[in-house]
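Trainee: Below is a structure I'd like to ask you about.
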Amino acid sequence: MRASDRRKFRPYLDGQGLEYGVRQGSRLGFQTRFNADRIIVSGCALLSLSVQVLTHDTVLVDLELSKECVVYNNPSANPFLALMPLMAWSQALSHLMVSISAFHVSHRLIINHSQTPSKNTPPSSNEHGRWYSNSNYDRQKSQMALRTAMSSKQQALQRLKHELQDRPEQNGDAVLATVLLFVNLDVVEFGGRGWKHHLRGAHELVRTRKALIKDENSDSAKWLQYFDTACTTFGILGATLTPSHTLGFQASTPFDSAFLDTLRRSEHQTWIGCPADLLSLLHVLNTLRTMPNESSQRDEIATTLLDGLHTFSPSAWANDFPDPQHYQSRYNLAHAYKAAIGIYASHITGPTSDHPSEPNILDLTQLGVSHMLQIPANDFHIKSLVWPAFVLGAETQRTDLRQKVQGIFQDIWVSSCCYNVRTAAEILDVIWSRQDNDAERTWLDYIWEQDESWLFL
């Protein structure tokens with residue numbers, strides 16, 4: 001790879017320079033068939049959700065972990081499981097899989113410990129709103145699982161840098177999978193903020209590889225489609241809480257049919273669970289943020305967007321699924337996203353010629369929270385509520401609704417070990433404290449002013 005090409009893609013994370021580039025010639029494919037419920041890869045650490053023992057001989061990634069990466073789990077078509085054979089092509093991916101699994105095990109051990117009654121544990125420590133404190137951090141620091149997770153993450157970073165710079169002939173599906181999974185690691189397992197650099201790198205790799213793919217029916221083309229779907233989905237949600245001057249990834253034309261097809265795939269290939277039509281509207285809202293207020297197109301686009309939001313039917317979307325037993329959960333999930341996006345839209349669009357009055361925010365917030373509460377804690381749809389729960393929670397002024405949102409976050413944490421809900425819960429406390437003392441700025445303005453890059457998935 002020429003030096004000029006390497007300089008083209010140069011994001012950084014935790015002081016580790018990563019240079020993203022790509023080259024044609026990948027031999028890797030989208031493999032989805034497995035002969036066992038567990039996958040064993042020699043040479044790494046043993047990691048199991050059912051066994052609290054870690055060694056450095058093998059890595060055992062439990063199916064329970066892969067279930068968290070999609071809404072509806074089908075082992076024969078689970079992208080996370082399908083990535084595992086690619087570990088043979090990338091040491092970075094192998095170390096990263098170990099790190100993700102070890103973080104997950106570490107979180108699960110802490111959750112299990114916190115749920116075990118103890119005579120030395122005061123009753124208040126188990127109340128909603130206290131579960132995300134750092135009281136268990138000292139215990140977690142002593143875990144072998146956490147040490148394995150941290151060391152494997154650093155090894156993955158080092159190997160990825162090497163594979164991108166010195167082995168460009170292997171910059172195929174495995175390396176791109178590694179870059180994308182770093183987003184998962186930073187957001188879901190680690191709670192860090194380096195996701196934006198990796199997502200930008202993944203976008204560049206996907207864009208470049210699209211120009212290199214000759215056969216649209218090839219295995220690499222199928223992988224590229226998945227990578228594109230995940231990057232697009234994460235980018236849209238990440239942009240909502242990112243300052244407008246740092247926004248990127250706004251390449252797709254609003255209401256473009258091909259773009260909508262990509263978002264429809266996200267309903268099945270990620271755990272986000274947002275209806276594609278609503279995710280498309282969220283993308284348009286992000287696009288509006290980059291447009292001047294005096295733009296002649298702004299009012300027209302905003303009107304079309306609000307019309308689309310108004311006409312979206314949670315019932316129709318919930319029915320558009322082969323398994324009727326999931327109707328009620330899908331219905332509640334769609335209502336939660338619709339309410340949250342409606343609130344987000346009220347901060348972006350303001351009144352338009354066709355929509356001169358804004359929606360009743362209080363009613364919208366109550367509606368969204370009520371639908372989230374109807375999804376049981378043991379229902380796998382609950383892991384898809386992180387973004388709408390944060391938006392609805394940030395908007396509400398009512399103490400009872402705030403407590404209910406924190407309870408939903410706690411249920412997500414216990415159910416799926418989604419670490420970034422802890423971060424979301426902490427930020428909500430800051431937002432609520434500020435709102436109670438300073439009502440001049442909106443919570444969204446406050447978030448943007450922090451110049452952070454929060455991605456709540």
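Trainee: Can you find a residue in region 391-398 that is of a type in the set (Lys, Arg) and part of a helix (DSSP H, G or I)?
Mentor: Looking for residues that are of a type in the set (Lys, Arg) and part of a helix (DSSP H, G or I), one finds none in region 391-398, hence no.
Trainee: Do we find a residue being more than 24 Å from Leu65 (Cα to Cα), in a helix (DSSP H, G or I) and assigned by TED's automatic domain parsing to the domain that holds Tyr327 anywhere in region 416-425? First the steps, then the outcome.
Mentor: From region 416-425, those more than 24 Å from Leu65 (Cα to Cα) are none; that's our starting set.
For region 416-425, residues more than 24 Å from Leu65 (Cα to Cα), in a helix (DSSP H, G or I) and assigned by TED's automatic domain parsing to the domain that holds Tyr327: absent.
Trainee: Cβ-Cβ distance below 6 Å, separation of 6 or more or different chains: which pairs start in region 257-274 with a residue that is surrounded by fewer than 21 Cβ atoms within 10 Å (Cβ to Cβ) and end on one that is of a type outside the set (Phe, Trp, Tyr) and not in a helix (DSSP H, G or I)?
Mentor: Phe259/Ser252
Trainee: Restrict the check to region 253-264 and report whether at least one residue is outside any helix (DSSP H, G or I), farther than 26 Å from Leu164 by Cα, touching a helix residue (DSSP H, G or I) at 6+ places or on another chain (Cβ under 9 Å) and among the aromatic types (Phe, Trp, Tyr).
Mentor: Start the filter on region 253-264 by keeping residues that are outside any helix (DSSP H, G or I), which leaves 253-256.
Narrowing further to those that are farther than 26 Å from Leu164 by Cα: 253-256.
Then drop every residue that is not touching a helix residue (DSSP H, G or I) at 6+ places or on another chain (Cβ under 9 Å), which leaves 253-256.
Cutting the leftovers down to among the aromatic types (Phe, Trp, Tyr) gives us 255.
Yes, there is a match, as at least one residue in region 253-264 is outside any helix (DSSP H, G or I), farther than 26 Å from Leu164 by Cα, touching a helix residue (DSSP H, G or I) at 6+ places or on another chain (Cβ under 9 Å) and among the aromatic types (Phe, Trp, Tyr).
Trainee: Could you identify the single residue in Ser370, Ser346 that is in a helix (DSSP H, G or I), among the hydroxyl-bearing types (Ser, Thr, Tyr), more than 16 Å from Pro275 (Cβ to Cβ) and free of Cβ contacts under 8 Å to residues at least 12 places away in the same chain?
Mentor: None of the others qualify; the one that does is Ser370.
Trainee: Would you confirm whether any residue within region 427-437 is assigned to a helix (DSSP H, G or I), within 27 Å of Arg193 (Cα to Cα) and under 19 Å from the mean Cα position of the chain (by Cα)?
Mentor: yes
Trainee: Let me ask something additional. Would you check which residues across region 438-457 are closer than 18 Å to Gly238 by Cβ and part of a loop (DSSP other than H, G, I, E, B) and list them?
Mentor: Correct list: Gln450, Asp451, Glu452, Ser453, Trp454, Leu455, Phe456, Leu457.
Trainee: Quick one: Gln91 ticks every box in (1) at pLDDT below 85; (2) more than 21 Å from the chain's Cα centre (by Cα); (3) buried (at least 18 other Cβ atoms within 10 Å of the Cβ) except a single one, so which number is it?
Mentor: With respect to (1) at pLDDT below 85; (2) more than 21 Å from the chain's Cα centre (by Cα); (3) buried (at least 18 other Cβ atoms within 10 Å of the Cβ), Gln91 is out only on (1).
Trainee: Kindly check whether there is at least one residue in region 170-183 that is in the same structural domain as Pro85 (by TED's automatic domain parsing), in a helix (DSSP H, G or I), surrounded by fewer than 24 Cβ atoms within 10 Å (Cβ to Cβ) and more than 21 Å from the chain's Cα centre (by Cα).
Mentor: yes
Trainee: Kindly list the number of the only condition in (1) modelled with pLDDT of 95 or more; (2) assigned to a loop (DSSP other than H, G, I, E, B); (3) touching a Ser or Thr at 6+ places or on another chain (Cβ under 6 Å) that fails for Asp354.
Mentor: Against the list (1) modelled with pLDDT of 95 or more; (2) assigned to a loop (DSSP other than H, G, I, E, B); (3) touching a Ser or Thr at 6+ places or on another chain (Cβ under 6 Å), Asp354 comes up short only on (1).
The rows are residues; the columns are (1) closer than 18 Å to Val206 by Cβ; (2) at pLDDT 85 or above; (3) outside the structural domain of Ser76 (by TED's automatic domain parsing).
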position	(1), (2), (3)
Leu241	no, yes, yes
Gln250	yes, no, yes
Thr253	yes, no, yes
Glu267	no, yes, yes
Thr270	yes, yes, yes
Ala276	no, yes, yes
Leu282	no, yes, yes
Glu294	no, no, yes
Ser313	no, yes, yes
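Trainee: In addition: Checking the conditions here, which among Leu288, Leu333 is in contact (Cβ under 8 Å) with a residue 60 or more places away in the chain, over 25 Å from Asp411 (Cβ atoms) and touching a Ser or Thr at 6+ places or on another chain (Cβ under 8 Å)?
Mentor: The conditions single out Leu288.
Trainee: Next question. Can you give me the number of residues within region 199-245 that are more than 13 Å from the chain's Cα centre (by Cα) and assigned to a helix (DSSP H, G or I)?
Mentor: Qualifying residue count, region 199-245: 23.
Trainee: I've got another one for you. Confirm whether Asp411 is of a type in the set (Asp, Glu) and within 30 Å of Lys67 (Cα to Cα).
Mentor: Values: of a type in the set (Asp, Glu): yes; within 30 Å of Lys67 (Cα to Cα): yes.
It is true that Asp411 is of a type in the set (Asp, Glu) and within 30 Å of Lys67 (Cα to Cα).
Residue-wise test of (1) modelled with pLDDT of 95 or more; (2) surrounded by 15 or more Cβ atoms within 10 Å (Cβ to Cβ); (3) in contact with a helix residue (DSSP H, G or I) (Cβ under 8 Å, 6 or more places away or on another chain).
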| site | (1), (2), (3) |
| --- | --- |
| Ile382 | yes, yes, yes |
| Gly407 | yes, yes, no |
| Ser415 | no, yes, yes |
| Val430 | no, no, no |
| Glu440 | no, no, no |
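The values are calculated or read from the model by the stated rules, or taken from the named source; none is laboratory data. Treat the numbers as computed from the prediction; the structure is a model and nothing was measured. Methodologically, a virtual Cβ is constructed for each residue, glycine included, from the backbone with ideal geometry; neighbour enumeration extends over all protein chains shown.
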